[in-house]
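Everything on this sheet refers to the single structure shown next.
The values are calculated or read from the model by the stated rules, or taken from the named source; none is laboratory data. What you are looking at is a predicted structure, and each value in this text was computed from that prediction instead of being measured. Ideal geometry is used to build each Cβ from the backbone, glycine not excepted, and the neighbour counts take in all protein chains shown. Only protein heavy atoms, including side chains, enter the accessible area calculation; ligands, DNA and RNA are left aside. Shrake-Rupley method; radii C 1.70, N 1.55, O 1.52, S 1.80 Å.
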Amino acid sequence: MPVPMRRLIVALTLCCALLGGTTACGGGGSGQDTAAVVQAAATPTPTTSAEKQKFAKTRFVANAGLAAGATYQWIVKPWKAGKFKKGAKGRRVALVKAGLAGAFAYNRLKAATRNAQGDPTLSKALAPLAAGIEALKDLPAKLRKGDSTDAVANSFDDVINKVKAAGKSAGAEVKDQVPSASQLSGG
């Protein structure tokens, strides 16, 4: 068995020496040619406008779906179950989760709005909702504190439903996707 191991080591050494020799004796041209080739290979190819629109809708659906899922799971569902009312069992935990979910939903709705700008139909459908989405900015803090939870939860629910309707009218149906706890806390 020692003979094949020796042959393997010799073959490996020979291959490394040949590889090193060929790279050291490049094409004899200047280093600028190599840099141009590397730069050209690293430059991404532009996508067509149809691909941009397709990806815009896909990204919009993903971001809006995450916002809708977080809103339903941690804001609307506990609100309807009465967990935000004073004296309810687990109220403080429910409010903290709702505040995190609200901040996450706001973040994903802003991302969905940016994604929608890549598709003309979608951007027209979402244009009237920009003010409503922006109005959600301060609501997560109110949820965490327990201030006017009914109005806050209703606001989130209304905006999410309007975003879903706008997406559906533009051909990008949004379905709820509940984010994981790490996504929720990571933003």
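Values as computed for the structure displayed
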item: Pick from the stretch 145-161, criterion assigned to a loop (DSSP other than H, G, I, E, B) and free of Cβ contacts under 8 Å to residues at least 40 places away in the same chain, ranking: surrounded by the most Cβ atoms within 10 Å (Cβ to Cβ); result: Ser148
item: Residue match in the stretch 88-108 (condition: more than 19 Å from Pro179 (Cβ to Cβ) and of a type in the set (Val, Ile, Thr)); result: no
item: Hits in the stretch 171-182 - residues which are open to solvent by 10 Å² or more (accessible area, probe 1.4 Å) and under 19 Å from Ala112 (Cα atoms); result: Gly171, Glu173, Val174, Lys175, Asp176, Gln177, Val178, Ser180
item: Matching option when the condition is crowded, with 19+ Cβ neighbours inside 10 Å, out of contact with any strand residue (DSSP E or B) (no Cβ under 7 Å at 6 or more places or on another chain) and of a type in the set (Lys, Arg), among Lys142, Lys164, Lys168; result: Lys164
item: When residues of the stretch 116-139 are limited to those that are among the acidic types (Asp, Glu) and in a loop (DSSP other than H, G, I, E, B), the one most open to solvent (accessible area, probe 1.4 Å); result: Asp138
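Matching residues to (1) in contact with a Gly (Cβ under 6 Å, 6 or more places away or on another chain); (2) assigned to a helix (DSSP H, G or I); (3) hydroxyl-bearing (Ser, Thr, Tyr); (4) crowded, with 17+ Cβ neighbours inside 10 Å:
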{"residue": "Trp79", "(1), (2), (3), (4)": "no, yes, no, yes"}
{"residue": "Gly87", "(1), (2), (3), (4)": "no, no, no, no"}
{"residue": "Val93", "(1), (2), (3), (4)": "no, yes, no, no"}
{"residue": "Val96", "(1), (2), (3), (4)": "no, yes, no, no"}
{"residue": "Gly99", "(1), (2), (3), (4)": "no, yes, no, yes"}
{"residue": "Gly102", "(1), (2), (3), (4)": "no, yes, no, yes"}
{"residue": "Tyr106", "(1), (2), (3), (4)": "no, yes, yes, yes"}
{"residue": "Ala111", "(1), (2), (3), (4)": "no, yes, no, yes"}
{"residue": "Arg114", "(1), (2), (3), (4)": "no, yes, no, no"}
